[in-house]
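Asker: Okay, here's the structure, questions in a sec.
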Amino acid sequence: MKIICVMGARPNFVKVAALYRAFSKYPEFSVCLVHTGQHHDDAMYKVFLTQLGLPEPDFSLCIHGGSHTGQTAQIMLAFEKVLSSESPDLVVVVGDVNSSLACALVAAKEGVKLAHVEAGLRSGDKSMPEEINRVLIDHMADELFVSEEAAVRNLQNEGISSGKIHFVGNVMIDSLVYGREKAMELPLLNDLGLKKGEYVVLTMHRPSNVDSPAELTLLADLIQALGKIRPVVFPVHPRTKSSLISHGIWGQLENCSGLHLLPPQGYLEFINLISHAALVITDSGGVQEETTFLNVPCVTFRKSTERPSTIGEGTNRLVGDLDVAHALCIITEVLKEEKNQTSLPALWDGLASDRIVQIIQKKYLK
């Protein structure tokens, strides 16, 4: 059975790596990797191949930048040629980025079976491009592999047949289990002069938090205030750095006391940093999941989350809009709380990818 796995942005590499390892255990599967190019530089792409055991992709579409519409359209046209030449039995897309939607659309239009890994997640916020992508992919997919129980209910409420829905667990956690031991061996804290449990990790990249001068000014104010409480480690996403520079705020951060400005980190380096942090502040979906698994407190700067299990069962708290005084109040409160071991969401055990492969094998290779 010939399967194409699509990857475009940084979180996709983490998920596809877990799937690739699982498919590789079965000789009856032939896996073709397609990289759309959405994230393409060494820091956001190459290091993930090396650290997660992924080979070079079979096809690199080299499409990045541009508007959401333009990027999606270009990927569709390029991926159509791949489908035509490869004639796969199944296309697997993961997550909710433009690459996933574009390739899902092509598969659906060309009559190729489509599987969506991490299906059913809903934030309810249609101002997020990812929310639009998730909904559209799910309603095109033939197989929907779900990471948490709330996502099953979401799909059922949208009228999707239960026969298509498979609750398998979280493939992001599969890669975390795979790489955690190697991550813990890195001397990163020593290199940065940090002590375990005494610093805060910050990541921000969503347009609502980093695209406008007003939001960036609030972010800088928050970082300066945080630096007086704890050291802050800030691996800066390329689009965030570009926005900070273009709005004249980057220099302000370079002179900020207690702040470690870092380039984007490799997968293992980032897991090392968040594992030992007192607190992680983010607007990322995947980081909410990773901190829950690692039992590290997380504060998320978003009004809603498509991953409710990270709040109900995990270590995550939503802040909402970037308000410095309100955020500092919550952050100070979280830092003072005793760290209690939380229960993990169901099936977050490192075996989700194996379940997915076994379901595909049973259903398509009778």
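The values are calculated or read from the model by the stated rules, or taken from the named source; none is laboratory data. All of these numbers come straight from a predicted model, not from anything done at the bench. Note that each Cβ is placed from the backbone with ideal geometry, even for glycine, and that neighbours are counted across all protein chains shown. Please note that ligands, DNA and RNA were not included when accessible areas were found on the heavy atoms of the full protein model with its side chains. Shrake-Rupley method; radii C 1.70, N 1.55, O 1.52, S 1.80 Å.
Asker: Tell me, what is the 1.4 Å probe accessible area of Asp323, in Å² to the nearest 10?
Answerer: 80 Å²
Asker: While we're on this one: Top to bottom by accessible area (1.4 Å), largest first, where do His205, His247, His68 land?
Answerer: Ranking His205, His247, His68 by accessible area, largest first, yields His68, His247, His205.
Asker: Using only the Cα atoms of the stretch 142-265, what semi-axes does the equivalent ellipsoid have when each is the square root of 5 times a gyration tensor eigenvalue? Give whole Å, largest first.
Answerer: 36, 22, 12
Asker: Keeping the other protein chains in place, figure out the carbon and sulfur percent of the accessible area of the chain, with a 1.4 Å probe.
Answerer: Solvent-exposed carbon and sulfur of the chain make up 51 percent of the total.
Asker: Another question about this same structure. Would you mind computing Rg(Cα) / (2.2 N^0.38 Å) for the stretch 1-131, counting N as its residues?
Answerer: Taking the Cα Rg and dividing by 2.2 N^0.38 Å, one obtains 0.99.
Asker: Based on the Cα gyration tensor of the stretch 69-146, what are the three equivalent ellipsoid semi-axes, each the root of five times an eigenvalue, rounded to whole Å and given largest first?
Answerer: The answer is 21, 15, 8 Å, longest axis first.
Asker: So, one more: What is the dipole size for the chain, taken about its Cα centre, with +1 at each Lys and Arg Cβ and -1 at each Asp and Glu Cβ, in debye to the nearest 20?
Answerer: My answer is approximately 300 debye.
Asker: Right, next: Return a whole-number percent for the relative contact order of the chain, with Cα pairs under 8 Å and 6 or more residues apart as the contact set.
Answerer: 16 percent
Asker: For the chain, build the convex hull from the C-alpha positions and give me its volume per residue in Å³.
Answerer: Expressed per residue, the convex hull around the Cα atoms of the chain is 126 Å³.
Asker: Per residue, what volume in Å³ does the Cα convex hull of the stretch 123-167 take up?
Answerer: 69 Å³
Asker: So what is the accessible area of the chain per residue, in Å², with the probe set to 1.4 Å?
Answerer: 40 Å²
Asker: Would you kindly calculate the translational diffusion coefficient of the stretch 133-198, applying Stokes-Einstein with the Kirkwood radius from alpha carbon pairs, for 20 °C and a viscosity of 1.002 mPa s, and quote it in µm² s⁻¹ without decimals?
Answerer: Answer from the Stokes-Einstein relation: 144 µm²/s.
Asker: Another question about this same structure. Kindly flag which residue pairs out of Lys196/Lys241; Lys25/Lys195; Lys81/Lys303 have an alpha-carbon separation exceeding 30 Å in this structure.
Answerer: From Lys196/Lys241; Lys25/Lys195; Lys81/Lys303, over 30 Å: Lys25/Lys195; Lys81/Lys303.
Asker: When the distances between all Cα atoms of the stretch 197-242 are binned every 5 Å from zero, what whole-number percent does each bin get?
Answerer: Values per bin, smallest distances first: 5, 22, 30, 24, 13, 6, 1.
Asker: Quick check: convex hull over the Cα atoms of the stretch 209-366, volume per residue in Å³, rounded to an integer?
Answerer: Value for the stretch 209-366: 137 Å³ per residue.
Asker: For Val357, Val135, give the ranking by accessible area with the largest first, probe 1.4 Å.
Answerer: Largest accessible area first, the residues go Val135, Val357.
Asker: Calculate for the chain the 222 nm mean residue ellipticity that helices alone would give, adding -39,500 (n - 2.57) per DSSP H run of length 4 or more and normalising by residue count, nearest 500 deg cm²/dmol.
Answerer: -14000 deg cm²/dmol
Asker: Something else about it: Once the mean 1/r over all distinct Cα pairs of the stretch 303-352 is inverted, what Kirkwood radius in angstroms do you read off?
Answerer: So the Kirkwood estimate lands at 12.8 Å.
Asker: Which one, Leu351, Tyr364, Ile330, projects farthest toward the positive side of the charge dipole computed for the stretch 314-366 from Cβ point charges (K/R +1, D/E -1)?
Answerer: It is Tyr364.
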